[in-house]
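All of the numbers you see were taken from the coordinates with simple rules; none came from a lab. It should be emphasised that the depicted structure is a prediction, and the values quoted were computed from it without experimental measurement. Backbone-built Cβ (ideal geometry, glycine too); neighbour counts: all protein chains shown.
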Amino acid sequence: MKKIIVTGAQGQIGSELITKLRSEYGTDNVLATDIREASTEAAQAGPYEILDVTDAKSMHALAKDFGADTMMHMAALLSAKAEESPLLAWNLNMGGLMNALEVSRELNMQFFTPSSIGAFGPTTPKNETPQETLQRPTTMYGVNKVAGELLCDYYFTKFGLDTRGVRFPGLISNVAKPGGGTTDYAVDIYYKALEEGKYKSYIAEGTYMDMMYMPDALQAIVDLLEADPAKLIHRNAFNVTAMSFEPAEIAASIKNHLPKFEMSYDVDPIRQEIADSWPDSIDPSAAVAEWGFKAKYDLDAMTIDMLDKLKVKLKI
Ligand code: NAD
C-alpha cells in the first residue's frame with residue numbers, strides 16, 4: 001500500500017485528488033498539505049498539515065515522519081496569475097518543484113507532477129499537437145512548465161527517480177473553483193448559467209482549447225501512478241485530453257439543457273493572448289499506447305454531470 005504526500009491539496013485538483021487517493025489507498029495513507037489551513041471537508045477528512053513548498057526542510061520532515069513513499073506535487077501558480085506576478089511564479093513553480101524533486105530523491109519516493117498545455121507556444125503545431133514537438137512558450141507559466149518537464153526527465157535519467165507526469169488541458173470540475181488559469185471560463189460558465197442564466201466570456205468566440213472533466217483527470221493520475229514502468233517510454237509530460245471546444249460550443253451544450261441561457265463576450269486581452277498561444281487540440285496517443293489513457297466524458301456528458309452536481313451544490 002502506498003503512503004502518499006500531496007502538496008497544494010486544497011487547489012482545484014488537489015481537493016478532489018485527495019478524496020480519490022484516500023478511496024484507492026486508504027484515508028490514513030494520504031497526507032494532504034497546503035499553505036492554507038484545512039478549510040474543505042475533503043482536507044479535514046484525513047491527515048492534514050500546513051506546508052509551504054518553498055520550505056524544503058519542512059517538506060522533508062513531513063514526508064519522512066509520515067513515512068511517505070510517493071510525492072504528488074500540485075502546488076503552483078497558474079497561467080493567468082503567473083502573468084500578473086512572474087517573479088512569484090518562478091519562485092513558487094520552480095522552487096517548489098525543485099524542493100519536491102530533491103525531497104523525493106532523498107527519501108527515494110515515487111514522484112508525480114502535472115505539466116500543462118501551457119508548455120506549448122505560438123510556434124508549436126496547433127492541431128493534433130504531438131507528444132514531442134517545438135516548445136517555445138511565451139508565458140512565465142509556460143517557461144516554468146517546460147523547465148519542469150525537463151527537470152522531471154533529468155531526475156529520472158540522472159538519479160533513477162521514478163518520476164511520472166501528464167500535460168493536463170483545462171480541467172473542469174464542480175468541487176473547488178479553479179485557481180487562476182486561462183481555461184477557468186469553462187468552469188465559471190456552468191455556475192453562471194445556473195445562477196444567472198447568462199455568462200460573459202473573457203475568451204473570444206472561435207478560440208479552441210483542450211479540456212477534460214475532473215473524474216477523467218483523477219483516473220489518469222492513478223492509472224499513470226500504477227503503470228508498468230517497463231512500458232513507459234516518456235514518463236513525464238504525457239499529452240492527455242478528452243475534448244477540444246470553443247466558447248460557443250460549450251454555450252450550445254448548456255443551452256440544450258437550459259434553453260434560456262445566453263452568452264456574450266467581453267474579451268480579456270491578457271488571457272486571450274495566452275489562449276491564442278496554446279494548441280487548438282493535442283494528440284494523446286503516447287499516453288494511450290504506453291499506459292492505456294482513456295477519457296470517459298465528452299462535452300455533452302460533462303455538461304449533464306456538471307449541471308446535475310452544481311444544482312445540488314448551489315441548491316437550485
Ligand atoms: P490551484 O491554483 O487550484 O491550487 C494550487 C494550490 O497550491 C492552492 O490550494 C494553494 O493554496 C496552494 N499553494 C500556493 N502556494 C503554495 C505554497 N507556497 N506552498 C504550498 N501550497 C501552495 O491549482 P490546480 O488547478 O489544482 O493545479 C495543480 C497542478 O496542476 C499545477 O501544477 C497546475 O499547473 C497543473 N495544471 C492544472 C490545470 C487545471 O486546469 N486546473 C491544467 C493543467 C495543469
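A few comments on the model shown:
- Annotation: amide H of G179 within the under-5 Å range of Q12, sequence separation 5 or more or interchain, hydrogens built in the peptide plane.
- Amide H contacts under 5 Å for V240: R167, restricted to partners 5 or more places along the chain or on a different chain, H placed in the peptide plane at 1.01 Å from N.
- Gain on full stretching of the segment that runs from L258 to L134 - 0.36 nm per residue minus C-alpha separation: 40.5 nm
- When each of K81/K192; K192/K315; K192/K309; K2/K294 is checked by Cα-Cα distance, pairs over 19 Å: K81/K192; K2/K294
- Projected-area mean, the chain, by convex hull of Cα positions, square nanometres: 14.8
- For region 33-39, Karplus couplings with θ = phi - 60° (6.51, -1.76, 1.60), whole Hz, Gly/Pro x: 9, 6, 6, 9, 4, 5, 10
- Tail weight of P(r) past 17 Å, computed on alpha-carbon pairs of region 232-278, percent: 58
- Likely footprinting exposure, F156, F238, fewest C-beta neighbours within 10 Å first: F156, F238
- Counting only DSSP beta bridges whose two residues both lie in the chain, roughly 10 percent are antiparallel.
- Each 10 Å bin from zero holds the following percent of Cα-Cα pairs in region 192-248: 17, 33, 28, 15, 6, 0.
- Packing around the peptides 290-296, 95-101, taken as the average count of other Cβ atoms within 10 Å per residue, puts them in this order, highest first: 95-101, 290-296.
- Gyration tensor verdict on region 258-316 (Cα atoms; rounded if a/c is under 1.5, prolate if a/b is larger than b/c, oblate otherwise): oblate
- Using the Cβ-Cβ distance between Y191 and D52 with R0 set to 35 Å, the FRET efficiency works out to roughly 0.70.
- Three-way shape call for region 1-90 based on the alpha-carbon gyration tensor, with the a/c threshold at 1.5: prolate
- Here the alpha carbons of region 83-229 define both size measures, Rg and Dmax, at 16.9, 54 Å.
- Every pair of different Cα atoms in region 7-46 enters the Kirkwood calculation, which places the hydrodynamic radius at 9.7 Å.
- Cα-only Debye scattering, region 76-125: base-10 log of I(q)/I(0) at q = 0.32 Å⁻¹: -1.15
- When the convex hull of its Cα atoms is projected in every direction, mean area for region 137-292 (nm²): 9.9
- Antiparallel content of DSSP bridges confined to region 169-265, in %, to 5: 30
- Couplings for region 295-309, taken from phi via the Karplus curve 6.51 cos²θ - 1.76 cosθ + 1.60 with θ = phi - 60°, read 10, 8, 9, 9, 4, 5, 5, 5, 4, 4, 5, 4, 5, 4, 5 Hz in order; Gly and Pro are left as x.
- Whole-number percent relative contact order across the chain, with pairs defined as alpha carbons under 8 Å at least 6 apart: 18
- Stokes-Einstein D (µm²/s) once Rh is taken as the Kirkwood radius of region 34-158 over alpha-carbon pairs, at 37 °C in 0.692 mPa s: 208
- Rg/Rg_ref, region 117-167, where Rg_ref = 2.2 N^0.38 Å and atoms are Cα: 1.21
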